[in-house]
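The values are calculated or read from the model by the stated rules, or taken from the named source; none is laboratory data. Being a predicted model, the structure only gives us computed values, none of them experimental. Cβ coordinates were reconstructed from backbone atoms using ideal geometry, including for glycine residues, and neighbour counts include every protein chain displayed. Each accessible area value is taken on the protein alone, full model and side chains, heavy atoms only, with ligands, DNA and RNA left out. Shrake-Rupley method; radii C 1.70, N 1.55, O 1.52, S 1.80 Å.
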Amino acid sequence: MSMRFMKISVLALILSLPAFLYAQNASIKGFVYEKNTGEPVIFTNVYLQGTNYGASTDVNGYYVISKIPAGSYTLLVTAMGYDSLSYKISLKTGELMSKNLFLQEASIMLQEFNVSAEREEARTETKTSVVKITPKQIEQIPTIGGTADLAQYLQVLPGVIFTGDQGGQLYIRGGSPIQNKVLLDGMVIYNPFHSIGLFSVFETDILRSADVYTGGFGAEYGGRISSIMDITTRDGNKKRLAGSVQASTFGANLLLEGPIVKQKEEGGTSSSFILSVKNSYLEQSSKIFYDYIDKDGLPFNYLDIYGKVSINGSNGSKVNLFGFRFDDQVNNYKAISDFHWTSSGAGANFVVIPARSSVLIEGTFAYSGYEITMSQPNAADRSSKINGFNGGLGFTYFLGKDELKYGLEILGFKTDYYFYNSLNKKIQQTENTTELGLFFKYKMTTGKFLIEPSMRIQWYASLSEVSPEPRLALKYNITDWLRFKMAGGFYSQNLISATSDRDVVNLFSGFLSGLDNIPSEFRGEEVNSSLQKGQHLIGGFEIDLTRQLTMNLEGYYKNFSQLTNLNRNKIFDDSPAYSDPSLPSYKPDYLKKDFIIEKGDAYGVDISFKYDYKRLYIWAVYSLAYVNRKDELIDYVPHYDRRHNINLLASYRFGKNENWEVNARWNFGSGFPFTQTQGFYEQLNFSGGIGTDITTENGELGVLYGDLNEGRLPDYHRLDLNLKKTIEIGSYSQLEINLGVTNVYDRENIFYFDRITSERVNQLPVMPSAGAKFSF
């Protein structure tokens, strides 16, 4: 027997193993849809009554129950907000039954089913450092400006630090924004938040779900060393034309959705569309409603457009085509004279369900770009561009309670960036890079243990470097009410931020990549990689204190073993005259390289309590965090090193038909670090070269800085309140009236301090808002 024949035989055996396992028992697969809209019902349980056989639907509404002994059963679905559904089925040995299920909205809310579903998911999913967000949850927080938004909800998550209302950024468990990957329907989004940090680029009503991994994520995600945000949009109403129109004192939103080819009563082929447009007219409305903040208005302008067409097969297979354009601009505000960014892209994804197999095949291909420019009166202009493609293909096999997933991902992009540092040295970089990732993950359930090992091989073509990245997640169900969990792994990335840690506040978020001209040593140790690298270790407990009250505690450690940053200390050109150690003109790398190596870590504890029963929802979160960095010369803390962070959230529905809702949120954060000013001096730029006459040349005002980030700003805290009234107009039509107040007790939280004029600029003061939303 030839060696080649043996290899082919082994490969064929591996590929046929899932089919062999299925052949020994029966299986049932399908999708769960809303009957009125055709939208998938996600994260709900489908099970065989009176048995331990069941599964939860995924983000596509897909479920598979496998390894079922032949026999007769009752297939049952119970979901919050829907009538229960049951079918009598009979399964034969080796049979693979396909059954799509359509749920009808219920007039009576069954809270107990929701609690049971969450507990079942807690026992069957590792769920370490991940929060699954739905539009319903987003709407439970005060809607600032009358509009519920994902950006506002992310601020209350454990481990998430938000740096302010204006120019705010999210920092997730010690990771900077450049280390957080954001996906929209599988497409890379390079900047998900607007300059006014209360709003994201995502329209809440088009979202299906958002999974936020604050660390320890599995091998299906790569290219970032801190966190992942995976956002999925709805397909659009397959039964009728629907939508909403919304206006408030901040801006307006428009949503349209409906069928292109209408879905029949019990499924079949169909196609649908969804289109959303939202914009801010705060620059104009603030002159009327908020002129006490600034008589010239609040010039935070944005326009976001997103569209999607879905083509659906009768068996649940589908293809989605989508595109977007997001635009953000700030003109002549405070220390910023002009700031503008645009982001656009288009792509497609698909789900394929083979007729004779319960494998799930998913794929994505998309192209997106981002461009940002910024000019300031006391600083040089900056500009950054990034554009490129990303694609992937994944296969998921459902093996009873176990699950096998593997696939590949490819990404290519170009970055173009320039700026001038404080010594008027131009730093510019243009680079093309390509990445390829292969991943494998297996979820195994054995007794009380849930074990999920995974492996990713990430190849960075432009750097000729391969990064093997093993990862592991597990859960131990100690009892029905107490669960231990942990996750960890190795991570890498190529993208680098184009911002400076010396900035007190920073709206600019540029991108760099593919750097191989970096220092060869770090504090005497050899640097043998051009990548940024991190390792995570996370552990914790989930405790059901009562049927309605759950506590979640997680401790984490992120070791950022290699980081690459802009060199703030560069004063010499990187030329041969300064690079030869044998010459007296030799200068160390940290004085002449455009970029330097740094290291650091982040560690802390997050604890949350959630109470959810009938009309009352309460969520309390406390985070204790430490973030450290060190470069070639100093140890320091980055500007987002917030030690304590507290979020208290409450939502209560009242009235005869629960058509009134009041929401409240209080946030407290200890002070951020900042670099203090020690003094000023006349800075000479020697514009005439070595022959410059220093006795006659006029210099510029130079700033003498203190030690990096040794100071601490005052504490931040704010209370937001909101009141909503829903009026039912018809079978599908309703009017929602919204009144809110941001920063109720008018706390003066610092936004910016001008070192030159000593002017303090605060975050937003007390701001009442009103809005109305008509849905049809």
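General remarks:
- Antiparallel bridge percentage (DSSP; both residues within the stretch 157-243; nearest 5): 75
- Kirkwood-Stokes translational diffusion coefficient of the stretch 695-776, alpha-carbon pairs, 37 °C, 0.692 mPa s, µm²/s: 188
- Cross-link partners of Lys593 among aspartates and glutamates, defined as those whose alpha carbon lies under 15 angstrom from its own and excluding same-chain residues fewer than eight positions apart: Asp516, Glu521, Asp573, Asp574, Asp580, Asp631, Glu632.
- Residue-by-residue Karplus 3J(HN,Hα) for the stretch 551-561, coefficients 6.51, -1.76, 1.60, Hz, glycine and proline x: 10, 10, 10, 9, x, 9, 9, 10, 9, 8, 6
- Helix 3-23 vs. the chain, principal-axis angle (Cα, 0 to 90°, nearest 10): 60
- Stokes-Einstein diffusion coefficient of the chain, Kirkwood radius over Cα pairs, 37 °C, 0.692 mPa s, in µm²/s: 117
- The listed peptides 673-681, 275-283, 754-762, ordered by packing as a protection proxy, come out as 275-283, 673-681, 754-762 (highest mean of other Cβ atoms within 10 Å first).
- Positive dipole terminus of the chain, leading residue within Val744, Phe193, Phe654 (C-beta point charges): Phe654
- Over 31 Å apart at the Cα level, from the set Lys35/Lys88; Lys181/Lys448; Lys385/Lys724, are Lys181/Lys448; Lys385/Lys724.
- A dipole drawn for the chain from +1 and -1 charges on Cβ atoms has a positive end, and of Asn517, Gly218, Pro765 the residue lying farthest that way is Gly218.
- Residue-by-residue Karplus 3J(HN,Hα) for the stretch 285-295, coefficients 6.51, -1.76, 1.60, Hz, glycine and proline x: 5, 5, 5, 8, 8, 10, 5, 6, 7, 7, 5
- For the peptides 72-84, 260-272, the ranking by mean Cβ contacts within 10 Å, running from highest to lowest, is 72-84, 260-272.
- The distance linking the stretch 525-593 with the stretch 243-260 is 43 Å (Cα centroid to Cα centroid, whole angstrom).
- Shape category assigned to the stretch 483-637 from the gyration tensor of Cα positions, a/c cut at 1.5: prolate
- Segments 27-36, 190-199, 732-741, 518-527 sorted - mean Cβ within 10 Å per residue, highest first: 190-199, 27-36, 732-741, 518-527
- 0 to 90° range, to nearest 10: angle between helix 111-124 axis and the chain longest Cα axis: 70
- Charge tally for Gly236 (other residues, Cβ to Cβ under 9 Å; Lys, Arg +1; Asp, Glu -1): 0.
- For the chain, the fraction of 1.4 Å probe accessible surface lying on carbon and sulfur atoms is 57 percent.
- Straight-distance candidates among the lysines for linking to Lys308, with alpha-carbon spacing under 20 Å and chain neighbours fewer than 8 residues away dropped: Lys238, Lys239, Lys262, Lys278, Lys318.
- Order of exposure, largest accessible area first, which applies to Lys181, Lys656 with probe 1.4 Å: Lys656, Lys181
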